[in-house]
Amino acid sequence: KANRLFHPKDTVVDVHGTKIGGGYFSVIAGPCSVESEEQIIGIAKRVKAAGATMLRGGAFKPRTSPYAFQGMKADGIELLVKAKKATGLPIVTEIMNENHLPLFEEVDVIQVGARNMQNFELLKALGKTRKPILLKRGLANTLKELLMSAEYIMAGGNENVILCERGIRTFEPYTRNTLDISAVPALHELTHLPVVVDPSHATGKASFVDSMASAAAACGADGIMIEVHNDPAHALSDGPQSLTPDQFDGVMEKIRRVRAAV
Ligand code: PEP
Ligand code: MN
């Protein structure tokens with residue numbers, strides 16, 4: 001179902017009027033983790049003013065250490081819904097367990113994180129919903145494996161899948177991951193599904209986000225996902241890769257120029 005050979009036309013995923021794919025470009029922005037009402041609504045207003053089309057924020061966080069902040073969980077989703085009401089931005093948040101699905105009723109796009117890309121039971125459960133799914137590439141997964149995971153969701157009848165390249169693990173530790181930028185044209189060749197790039201997790205460094213976001217826009221990605229925090233130095237997760245709202249304004253400005261030029 002994901003194969004371009006059998007479906008030559010680009011899929012446009014429609015998130016309550018916000019379109020992505022087939023020429024529609026979308027910018028998903030927000031903090032790694034929802035931390036408080038003031039934080040998420042403040043960031044939502046700033047990213048919307050800058051031109052973001054969707055708000056992201058983690059409520060259930062897949063942290064490497066069990067002692068690290070695990071997210072605000074159901075309360076975090078409630079705050080995202082408040083931010084949606086305050087700004088009109090559709091909300092994107094990660095699911096880690098299908099038992100949590102009832103909490104995602106008002107979530108517009110359900111994210112499957114890199115660590116769950118091959119959690120096939122979770123993918124099958126999401127295939128039974130009709131919500132758009134943002135499927136992130138696993139830390140060490142091939143593009144074919146990513147597409148097979150999309151297939152798990154689509155096989156259940158949910159064809160609203162957005163793919164996300166978020167960097168892969170290589171021998172190079174200078175960046176958090178290595179952004180596989182050629183995944184964008186490769187996926188566009190292999191599949192009709194929209195492809196977004198996450199330069200925040202790919203690089204792990206706020207100072208590299210601007211150039212990698214531009215690279216994504218230049219190579220034909222259908223969107224980008226960027227972490228933005230009001231106070232990156234004190235963020236409860238992923239501070240070093242998070243942009244301030246002012247820095248995000250600058251990235252949006254540059255993205256507009258790159259998109260106009262290509
Ligand atoms: C995230 O988007 O905050 C996240 C945990 O990303 P990934 O699954 O790509 O590491
Ligand atoms: Mn993060």
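Remarks
- Modelled FRET efficiency - R0 30 Å, residue 205 with residue 24, Cβ distances, 0.05 increments: 0.55
- Within the range 13-261, DSSP assigns beta bridges of which about 15% are antiparallel (rounded to the nearest 5).
- If only the Cβ of Lys and Arg carry +1 and only the Cβ of Asp and Glu carry -1, the dipole of the chain around its Cα centre is close to 340 debye.
- Between the residues 74, 50, 20, the greatest Cα displacement towards the positive end of the dipole of the range 17-80, with unit charges on the Cβ of Lys, Arg, Asp and Glu, is found for 20.
- For the chain: rounded, prolate or oblate by the Cα gyration tensor [a/c cutoff 1.5]: rounded
- The slack between residue 218 and residue 97, meaning 0.36 nm per residue of separation minus the straight C-alpha distance, is 40.0 nm.
- Distance between modelled label sites at residue 7 and residue 74, nm, 7 Å Cα→Cβ extension: 3.5
- FRET E, pair residue 178, residue 85, Förster distance 45 Å, beta-carbon r, rounded to 0.05: 0.70
- Considering only alpha-carbon pairs that sit under 8 angstrom and 6 or more positions apart, the relative contact order computed for the range 165-262 is 24 percent.
- Relative contact order (percent, whole number), the range 13-261, Cα cutoff 8 Å, 6+ residue spacing: 19
- The range 37-104 - charge dipole about Cα centre, Lys and Arg +1 at Cβ, Asp and Glu -1, debye rounded to 20: 260
- Nearest-20 debye value, the range 213-262 charge dipole, Cβ charges on Lys, Arg, Asp, Glu: 320
- Annotation for residue 128 and residue 36: the two label points, set 7 Å from Cα along the Cα-Cβ direction, are 4.0 nm apart.
Any read-out appearing in this document is the output of simple, stated calculations on the displayed coordinates, not a laboratory observation. Because the structure is predicted, anything quoted here is derived from the model rather than measured. Methodologically, a virtual Cβ is constructed for each residue, glycine included, from the backbone with ideal geometry; neighbour enumeration extends over all protein chains shown.
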